[in-house]
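The values are calculated or read from the model by the stated rules, or taken from the named source; none is laboratory data. Values in this document were obtained by computation on a predicted structure and should not be read as measured data. Using ideal geometry, Cβ is built from the backbone for each residue, glycine included, and neighbour counts are taken over all protein chains shown. Ligands, DNA and RNA are excluded from the accessible area calculation, which covers all protein heavy atoms including side chains. Shrake-Rupley method; radii C 1.70, N 1.55, O 1.52, S 1.80 Å.
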Amino acid sequence: MPEFLERDLVLEARHNITERLAQEGLIDPNYPAEEAVAAPGLDLAFKPDLAHDNEPLHRLLYSGKMMEFYESLLGGEVRHFDFTWMRAIAPGRYTKPHGDIVFMGRGTHDLYTAWVPLGDIPIQMEGLMVLEGSHRVGYVREEYTQRDVDSYCENIPEQRERALQGGWVWDGTISDNPGNCATSSEAGG
């Protein structure tokens with residue numbers, strides 16, 4: 001929803017994050033921190049600690065227009081998670097195709113998420129991609145969205161040994177070839 005959020009607040013949250021990235025040496029020092037140009041050789045995709053103790057980001061996400069939108073959409077009071085799934089993606093890295101429900105659902109589908117870019121995202125930077133029609137694919141609707149990644153990872157004691165031998169049993173992705181999910185109910189992870 002372009003221009004929905006207050007640009008000044010978005011940029012304040014971005015500034016806080018880019019300053020933190022620069023302090024950690026994750027921003028190329030040859031560019032202003034605000035440009036968020038990754039340091040050479042950076043291999044980064046997930047950085048939730050950027051959301052910790054980040055008052056401008058919390059104001060942007062958890063008050064004002066964002067929460068008002070969800071309260072209006074859902075017709076009442078809403079709550080947010082205590083955890084923010086913060087991503088800082090280096091060039092050449094990406095988040096695998098997934099649905100948030102398998103990471104956040106914890107037994108309910110009464111859940112809404114938002115992807116909030118902290119600045120302008122030109123098409124060349126490949127922001128959020130949505131697989132059109134995927135909600136109608138049998139595998140996605142009847143199998144994938146019914147799963148909870150925590151049932152398959154090292155957080156579960158009976159999975160721990162298996163995880164130590166080779167990682168998670170399932171990483172929460174929809175498919176290694178998400179294009180097949182849009183056309184085939186036989187697609188699987």
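Quick notes
- Using the 1.4 Å probe convention, the accessible area of segment 1-54 works out to 63 Å² per residue with neighbouring protein chains retained.
- Averaged over residues, the count of other Cβ atoms within 10 Å places the peptides 124-131, 38-45 in the sequence 38-45, 124-131, highest first.
- Distant-in-sequence amide contacts of Thr173, defined by a placed amide H-H separation under 5 Å and a gap of 5 or more residues or a different chain, comprise nothing.
- Dipole magnitude for segment 1-104: about 360 debye, using +1 per Lys or Arg Cβ and -1 per Asp or Glu Cβ, origin at the Cα centre.
- The overall shape of segment 1-45, judged from the alpha-carbon gyration tensor, is prolate: a/c is not under 1.5, and a/b is greater than b/c.
- Among the trypsin sites (Lys or Arg not before Pro) in segment 1-82, those placed in a DSSP loop whose Cβ has at most 16 other Cβ atoms within 10 Å are Arg79.
- Calculated FRET value between Glu6 and His109, using beta carbons and R₀ = 35 Å, to 0.05: 0.70
- Exposure ranking of Phe103, Phe46 by accessible area [1.4 Å probe, largest first]: Phe46, Phe103
- Segment 7-146: relative contact order in percent, alpha carbon pairs under 8 Å with at least 6 residues between: 24
- Taking amide H as placed 1.01 Å from N in the peptide plane, Ala38 has its amide H under 5 Å from the amide H of Asp28, each at least 5 places away in sequence or on another chain.
- In a fully extended conformation the segment linking Lys47 and Phe83 would gain 11.8 nm over its present Cα-Cα distance, using 0.36 nm per residue.
- For the peptides 104-110, 135-141, residues were scored by their other Cβ atoms within 10 Å and the scores averaged per peptide; the highest-first order is 135-141, 104-110.
- Stretch gain in nm, segment Asp171-Ala90, where the contour uses 0.36 nm per residue and the Cα spacing is subtracted: 27.1 nm
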